[in-house]
C-alpha cells in the first residue's frame, strides 16, 4: 500500500462528484455538503434523502449513467455504485486525467482515502489505517469521541482568539510560540469548558500581559 500524505482540503465552492445514489453515496454527499462543496450526484436511481436534497437545491442530481464529461469537470470524485466494474472504470479514468478519486471499499483503486474523523467545531481529528481496517479506524474514532468532548470546541475558539490578539501585538514569532505553549498548559481550557466567558477573557489578558510589557514601543516588522 502507498504511504498517504495527511492533509486537510478546503472544498468550499469546489465541484465534487458522487457516482452512485445509494446509502454509501448518501454518506459521501453529507460529508461533502458539511465542507461546503458544490455536489453533483450522477445515478439512474437515488435514495429518498438524495432526491430530497436535490429537490431543495442543495445538490445537483442527474438521473442517468455517468459520462466522461462528468468526471472531467470535477475537483474530486467518489465512485459509490453497487457495481464494482463501474467504480473501477470511473477510478481509472479519473486517475488517468490526474484527478482525485475515492472508490468505496476498494482502497487499491483510490488515490485518496477518507479518514474516520472526530469533529469539535474547527477541531478535526482524523484517523486512517491506509485502507487496512476501517473497523479499527471506527473503533479508535469512538474512543476519541468519548475523550475529546464538545468542550474542545469552546477551548479552540478561545485559543483562536488568543492567537489573533497575539499576532496583533507581538512582533517576535518566538515570543508568540512561547505564549501559545503556555496557553495550552494554562487554566484556559477549564474556563472555556465551563462556558465562563469572563474568565476566558481574563485568562487571555493575563497570558498576553508579560509579552505586552516586553514589546510595548517596538515597531512591528514589515
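No value in this document is a laboratory result; all are computed from the given coordinates. Just so it is clear, the structure is predicted and the values come from calculations on it, not from any experiment. Methodologically, a virtual Cβ is constructed for each residue, glycine included, from the backbone with ideal geometry; neighbour enumeration extends over all protein chains shown.
Within the chain, what percent of beta bridges assigned by DSSP are antiparallel, to the nearest 5?
Bridges in the chain that DSSP calls antiparallel: roughly 25 percent.
Could you work out [θ]222 nm for the chain from helices alone, using -39500 (n - 2.57) per DSSP H run of at least four and dividing by all its residues? Round to the nearest 500 deg cm²/dmol.
Per the formula, -15500 deg cm²/dmol.
Counting only C-alpha contacts under 8 Å and six or more residues apart, can you give the relative contact order of the stretch 15-114 as a whole percent?
27
For the chain, modelled as a GNM with alpha-carbon contacts under 10 angstrom, which of 170, 59, 50 fluctuates the most?
In this elastic network of the chain, the residue with the biggest mean-square fluctuation among 170, 59, 50 is 170.
When Rg is the radius of gyration of the Cα atoms in the stretch 15-114 and Rh is its Kirkwood radius, what does Rg/Rh come to?
A ratio of 0.92.
Mind checking which of 91, 174, 104 has the largest fluctuation in a GNM of the chain, springs on alpha carbons under 10 Å?
Looking only at 91, 174, 104, the biggest GNM fluctuation is shown by 174.
What ranking of 41, 200 emerges when the number of other C-beta atoms within 10 Å of each C-beta is taken as an exposure proxy, fewest first?
Least to most surrounded, the residues fall as 200, 41.
From Cα pairs below 8 angstrom and at least 6 apart in sequence, can you work out the relative contact order of the chain, rounded to a whole percent?
Across the chain, relative contact order equals 13 percent.
Taking the Cα centre of each part, how many Å lie between the stretch 7-22 and the stretch 172-200?
A separation of 35 Å, based on Cα centres.
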